[in-house]
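Only one structure is covered here, and it is reproduced in the block below.
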Amino acid sequence: MKLRKVTAASATVFALALTATACGSDDGGDTGSSDGGDKKITIGIKFDQPGLGQKTPDGYEGFDVDVATYVAKKLGYTEDQIEWKESKSADRETMLQRGDVDFIAATYSITPKREEKVDFAGPYLLAHQDVLLRADDDSIKKAEDLNGKNLCSVTGSTSAQNVNDKLGLKAELQKYPTYSACLNGLQTGAIDALTTDDSILAGYAAQKQFEGKFKLGGFEMTNENYGIGVKKGSDLKAKINDALEAMVSDGAWETAVKDNFGPANYKNEPAPKIGDVKS
């Protein structure tokens, strides 16, 4: 077979094509392939929080998942172009800084300390620290009633300590390895209350096996402004904010709240305004 002679001009064109292919943006604003064939977006969520971000045999579900899916569609991605990646609380900043994910929606509270390392779109949900109680327990009607009660939270969480340190109460702190273990203790009466964000508590209480067994105290002990984390300086922040505003205006946000928290009778706050972070 006779090989065609490569001219200097064609070699130059070939070299330029290679250069264009190799060069890409590293500011965290571009995702996917330019030809659309391999286009994808990688999103960090929790895999183990019912009602918010949970991996199931049928896929992924929860309020954070619904919000992230809506945002991805507004950014031009279909559901099958989303790659979900588990984002544990301690790993979130590092994952964004390394570029492991394009954005994170994982009960990610906006705080000044975190804003030093990453940027946040939103907030898209205002949650509060609260307690989960047995449905038939009328002994705890206000935060002060936690004095002397067995209060559970997970090891490494500051929620239980907040009750005593910030509110000046004297609850008996019980640290369990998981929220599921706390729920078991709550069911058996080994503990009197479980504390963490009300959205997380509502997610657990909304599970079919727990329907009607638990109730939220409604104490609103702290403000937790959930935002979508992006790499520092990423132009995705503005685009995600636009998507979140659209989700609220077209009713999809309210539908997602009812779908994921409805069975727990979660009295959620109205959708927060973009940039309105409650202290």
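Values as computed for the structure displayed
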item	result
Yes/no for K267 being among the charged types (D, E, K, R), at pLDDT below 95 and open to solvent by 60 Å² or more (accessible area, probe 1.4 Å)	yes
Residue satisfying all of: in region 115-136; surrounded by fewer than 17 Cβ atoms within 10 Å (Cβ to Cβ) and farther than 26 Å from T255 by Cα; farthest from the chain's Cα centre (by Cα) among these	D136
Options G218, G212; residue that is of a type in the set (G, A, S), over 18 Å from V277 (Cα atoms), open to solvent by 60 Å² or more (accessible area, probe 1.4 Å) and part of a loop (DSSP other than H, G, I, E, B)	G212
Verdict on K239 being within 19 Å of the chain's Cα centre (by Cα), open to solvent by 50 Å² or more (accessible area, probe 1.4 Å) and of a type outside the set (F, W, Y)	yes
Filtered residue count, region 200-231, keeping only those that are modelled with pLDDT of 95 or more, more than 18 Å from N268 (Cβ to Cβ) and of a type outside the set (G, A, S)	2
Residue in region 26-38 that is modelled with pLDDT of 95 or more, assigned to a loop (DSSP other than H, G, I, E, B) and within 22 Å of A243 (Cα to Cα) present	no
Single condition S279 does not satisfy, out of (1) in a helix (DSSP H, G or I); (2) under 13 Å from A127 (Cα atoms)	(1)
Residue ID - nearest to the chain's Cα centre (by Cα), chosen from residues in region 170-191 that are assigned to a loop (DSSP other than H, G, I, E, B) and modelled with pLDDT under 90	T178
Filtered residue count, region 75-84, keeping only those that are buried (at least 16 other Cβ atoms within 10 Å of the Cβ) and either in contact (Cβ under 8 Å) with a residue 60 or more places away in the chain or not in a helix (DSSP H, G or I) (or both)	4
Residues (over 19 Å from Q207 (Cα atoms) and among the basic types (K, R)) located in region 36-76	K39, K40, K73, K74
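The values are calculated or read from the model by the stated rules, or taken from the named source; none is laboratory data. As the structure is a computational prediction, the values presented were derived from the model and not from experiment. Reconstructed Cβ throughout: ideal geometry from the backbone, glycine too, with neighbour counts over all protein chains shown. In case anyone asks, the SASA skips ligands and DNA or RNA and just uses the protein heavy atoms, side chains included. Shrake-Rupley method; radii C 1.70, N 1.55, O 1.52, S 1.80 Å.
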